[in-house]
Ligand code: NAD
């Protein structure tokens with residue numbers, strides 16, 4: 001992959017409207033996943049930098065126009081942010097592809113979605129209303145919705161720009177100034193956010209960006225008492241650490257965590273579509289996708305034929321240069337993550353699963369974090385590759401006998417983020433959708449989002465929901481004011 005022209009040699013924080021290095025001058029190197037050679041030096045934030053960013057955001061909350069801005073001018077700026085993203089969509093996709101190894105065609109889709117995140121919440125801002133309650137003819141109550149304060153946003157390295165905007169848009173729409181801590185493996189596309197926000201006219205101090213290592217900069221943001229809301233997307237174990245660290249401050253938390261989502265295919269399904277969807281569901285975005293359908297459960301009557309079809313198609317999936325528009329799977333984000341995914345391939349073989357496609361570096365790709373699309377068949381519920389999130393281009397296929405067994409297997413992991421069901425039996429589709437423990441279920445379709453709907457998981461996949469009004473509820477406090485409509489009847493203690 002060629003290096004994009006004009007790559008910045010160093011990336012800095014953005015605090016109070018200005019680019020700044022770390023207070024102590026600390027930096028870390030970041031590499032691309034094709035050469036694994038460092039391409040830039042990134043400011044490594046610490047508690048002092050987080051402190052400065054929170055102070056800037058707190059000042060914008062206390063003194064600035066943003067929290068109290070009427071809906072229409074606020075929405076106008078959010079739409080201008082969307083315009084600024086659309087104006088740079090090719091550049092965003094180019095940098096994202098270089099930094100993460102995501103195929104460029106898919107990175108372009110994510111850039112378009114990033115703009116849509118802002119347009120959607122701009123629309124929500126102007127249509128937002130508050131509740132009022134009348135109790136018979138005696139009392140009237142109305143809700144005052146207010147931005148909660150400074151929001152801390154901590155994001156992962158998979159589809160980084162899209163996920164950053166998925167948190168930024170509702171937080172800003174709600175009137176909250178923010179401190180964003182992007183993932184340390186993929187800081188590049190976030191470095192475009194300062195110019196995007198400035199060009200759109202967002203007041204200084206409302207958007208703050210602190211780069212850094214999770215256990216240092218992220219932990220400092222979690223522990224800062226001036227940040228009442230924290231929205232986190234990442235691994236379940238990190239989420240547990242963050243919840244414990246936030247507990248003494250009683251912060252509001254939104255936790256979007258890991259997944260091991262089932263794709264359940266019954267014998268009566270449209271198998272052509274089910275195969276297309278199952279492959280896309282687990283191999284798009286390099287399999288580094290929280291909602292990946294990484295466990296295919298197939299009814300026994302079609303199991304052998306399905307395994308053969310999945311394996312044949314997987315062998316033809318084009319793995320290669322992420323910048324090549326023909327590429328379907330690019331390079332995995334980081335050598336450490338690549339080693340972890342390869343460790344799962346070995347674990348699958350050691351535990352007796354049948355490797356029917358991939359499992360190795362493609363012959364023609366000597367360097368870079370490349371793995372061929374990998375399919376394991378005959379995977380049983382006790383195997384690690386069935387239970388643990390691999391977060392790479394690896395799928396498990398498991399047979400089931402009947403509906404009850406399909407449901408039992410679907411629920412046999414700690415996670416509960418997404419589920420996909422393929423059947424032409426309408427009643428069964430509803431039954432199974434109700435019985436599978438997942439935050440989001442798609443019947444006879446793949447993961448297409450409607451931004452109004454609740455996004456999030458059950459069990460170890462998370463707490464809280466984002467999307468539409470759920471996001472705005474999270475970033476605001478609703479207060480109720482009660483007023484009597486006549487004489488107030490008060491019990492007269494001590495009269
Ligand atoms: P991660 O948990 O390692 O890191 C996520 C972010 O948390 C990074 O910015 C990191 O620097 C920061 N962090 C790490 N330790 C921290 C700490 N102690 N305190 C504060 N911040 C800390 O996750 P990752 O490897 O970057 O991302 C992959 C994971 O994210 C997968 O498990 C995937 O399923 C999950 N994910 C979930 C969703 C969802 O919506 N449910 C979406 C995308 C990704």
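What is the distance in Å between the Cα centres of the stretch 164-178 and the stretch 425-495?
Centre-to-centre distance over Cα atoms comes out at 19 Å.
Can you tell me the orientation of helix 47-62 relative to the chain, as the angle in degrees between its alpha-carbon axis and the longest Cα principal axis, to the nearest 10?
Value to nearest ten degrees: 50.
Nearest 5 percent is fine: what portion of the DSSP beta bridges confined to the stretch 95-218 is antiparallel?
35
Averaged over every viewing direction, what's the projected area of the C-alpha convex hull for the stretch 295-337? Give it in nm², one decimal, please.
4.3
What shape does the chain have by the C-alpha gyration tensor, where a ≥ b ≥ c are the square roots of the eigenvalues, rounded means a/c under 1.5, and otherwise prolate means a/b greater than b/c and oblate the rest?
On the way: a/c = 2.07, a/b = 1.30, b/c = 1.60.
Note, shape of the chain comes out oblate.
Against the longest alpha carbon principal axis of the chain, how many degrees, from 0 to 90 and to the nearest 10, is the axis of helix 426-435 turned?
The two axes meet at around 70 degrees.
Quick check on the stretch 262-443: of the DSSP beta bridges with both residues there, what percent are antiparallel, nearest 5%? Provide the component values of the computation, followed by the final result.
Working: 3 of 23 bridges.
If we restrict to bridges inside the stretch 262-443, about 15 percent are antiparallel.
Assuming a ≥ b ≥ c are the square roots of the Cα gyration tensor eigenvalues, decide whether the stretch 38-82 counts as rounded (a/c under 1.5), prolate (otherwise, with a/b larger than b/c) or oblate.
Oblate, because a/c is 1.5 or more while a/b does not exceed b/c.
Could you grab the relative contact order for the stretch 262-443? Cα pairs under 8 Å, six or more apart, rounded to a whole percent. If you can, show how the numbers build up before the last one.
Working: 348 pairs, mean separation 50.6, N = 182.
Averaging sequence separation for qualifying contacts and normalising by length gives 28 percent for the stretch 262-443.
Provide the percentage of antiparallel DSSP beta bridges, counting only those with both residues in the chain; round to the nearest 5. Mind showing how you got there, number by number?
Working: 28 of 66 bridges.
Bridges in the chain that DSSP calls antiparallel: roughly 40 percent.
From the helices alone, meaning DSSP H stretches of at least four residues, give me the mean residue ellipticity at 222 nm for the chain, per-run term -39500 (n - 2.57), in deg cm²/dmol to the nearest 500. Before the final figure, lay out the partial values.
Numbers: 15 runs with 183 residues, N = 495.
Helix contribution divided over all residues of the chain: -11500 deg cm²/dmol.
Taking a ≥ b ≥ c as the square roots of the eigenvalues of the Cα gyration tensor of the stretch 252-401, is the shape rounded (a/c under 1.5), prolate (a/b larger than b/c) or oblate? If you can, show how the numbers build up before the last one.
Numbers: a/c = 1.44, a/b = 1.25, b/c = 1.15.
Rounded.
What nm distance separates the two modelled labels at residue 350 and residue 26, each placed 7 Å from Cα along Cα→Cβ?
3.4
Specify the inter-centroid distance of the stretch 219-257 and the stretch 1-61, based on alpha-carbon positions, in whole Å.
Spelled out, the Cα-based centre of one part sits 22 Å from the other.
Alpha carbon centre of the stretch 179-210 versus the stretch 381-421: separation in Å?
37
Measure nothing fancy, just the Cα-based angle from helix 71-87's long axis to the longest principal axis of the chain, in degrees from 0 to 90, nearest 10.
Approximately 30 degrees, to the nearest 10.
Report relative contact order for the chain in percent, whole number only (criteria: Cα-Cα under 8 Å, sequence separation at least 6).
Details: 1125 pairs, mean separation 88.9, N = 495.
Relative contact order here is 18 percent.
Since every read-out is calculated from the coordinates, none of them should be taken as a lab result. These numbers come from a predicted model, not from an experiment. Counting neighbours? That spans all protein chains shown, and the Cβs are built from the backbone with ideal geometry, glycine included.
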